[in-house]
Amino acid sequence: MKTSLLGLSLLLTSFSSLAAEPAPVIKDFGYFYNVPEHKSDLSQAQFKIAFDVGDGAEKGAQNNHINSLARFINMHVAHGVKPENIQLALVVHGGASVDVLENSFYKARFDKDNKTQSLLKQLLANKTQVYVCGQSATHMKVEADQLIPGVQMALSAMTAHAQLQQQGYTLNPF
């Protein structure tokens, strides 16, 4: 009986601590650890950050480098940053250029589903700008009409980064 009560008590405590945390903005992606001891005051934080991803995922696997954007959003919103104060951009080039292919084109090419598509669609729905390097895309035989809707073709990754920097974006080194 004591064991059952202890188990029930632990279960209820677990559920109550789960209920206190806000739901993730990007669902099923962007997991992070809560750090209650952090000393940052994030209540007025404003972020304008560009992420650079050149390494592609294994065919049929999710690109975990792109998942970093979901983690950034979920982690900061959970710690008090207003979603409207987070402006992210993603610049994709190199082998990652195929990870922004719409699933039907990806599947036709690799005979596997694009596991990054759902993540990218949620990022785009949360106002993340996504650019693919036109130089890499051309080299990888990725055409603009094959991209996940919302992904934009840039002249080059260098051009996209230069323009984002002129718009006040900083480059995230991770």
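Taking residue 74 as meeting all but one of (1) outside any helix (DSSP H, G or I); (2) under 13 Å from the mean Cα position of the chain (by Cα), write down the number of the exception.
Of (1) outside any helix (DSSP H, G or I); (2) under 13 Å from the mean Cα position of the chain (by Cα), only one is false for residue 74: (1).
What is the residue count in the range 118-140 for residues that are under 15 Å from residue 52 (Cβ atoms), open to solvent by 40 Å² or more (accessible area, probe 1.4 Å) and part of a helix (DSSP H, G or I)?
1
Quickly run through the range 141-174 and pick out the residues that are open to solvent by 60 Å² or more (accessible area, probe 1.4 Å), part of a loop (DSSP other than H, G, I, E, B) and touching a residue at least 12 places away in the same chain (Cβ under 8 Å). Full working, then the answer.
Kept after step one, since they are open to solvent by 60 Å² or more (accessible area, probe 1.4 Å), are these residues of the range 141-174: 141, 143-145, 149, 152-153, 155, 158, 163, 165-167, 170-171, 173-174.
The next check asks that each one be part of a loop (DSSP other than H, G, I, E, B); those that pass are 141, 143, 149, 155, 167, 173-174.
Of everything in the range 141-174, those that are open to solvent by 60 Å² or more (accessible area, probe 1.4 Å), part of a loop (DSSP other than H, G, I, E, B) and touching a residue at least 12 places away in the same chain (Cβ under 8 Å) turn out to be 149, 155, 167, 174.
Here is a list: 96, 50. Which entry is outside any helix (DSSP H, G or I) and at pLDDT 95 or above? Break it down into steps so the answer makes sense when it comes.
Numbers: 96 fails: outside any helix (DSSP H, G or I).
From the options 96, 50, the qualifying one is 50.
When the residues of the range 61-91 are filtered to those that are under 10 Å from residue 116 (Cβ atoms) and touching a Phe, Trp or Tyr at 6+ places or on another chain (Cβ under 9 Å), which remaining residue is surrounded by the fewest Cβ atoms within 10 Å (Cβ to Cβ)?
Within the range 61-91, the first condition is being under 10 Å from residue 116 (Cβ atoms), and the residues that meet it are 61-67.
Pick out the ones that are also touching a Phe, Trp or Tyr at 6+ places or on another chain (Cβ under 9 Å) and you get 62, 65-67.
Details: 62: 17, 65: 20, 66: 23, 67: 19.
Among them, the one singled out is 62.
The values are calculated or read from the model by the stated rules, or taken from the named source; none is laboratory data. It should be emphasised that the depicted structure is a prediction, and the values quoted were computed from it without experimental measurement. Cβ sites come from the backbone with ideal geometry, for glycine too, and all protein chains shown count toward neighbours. We work out accessible area using only protein heavy atoms, side chains counted, and drop any ligands, DNA or RNA first. Shrake-Rupley method; radii C 1.70, N 1.55, O 1.52, S 1.80 Å.
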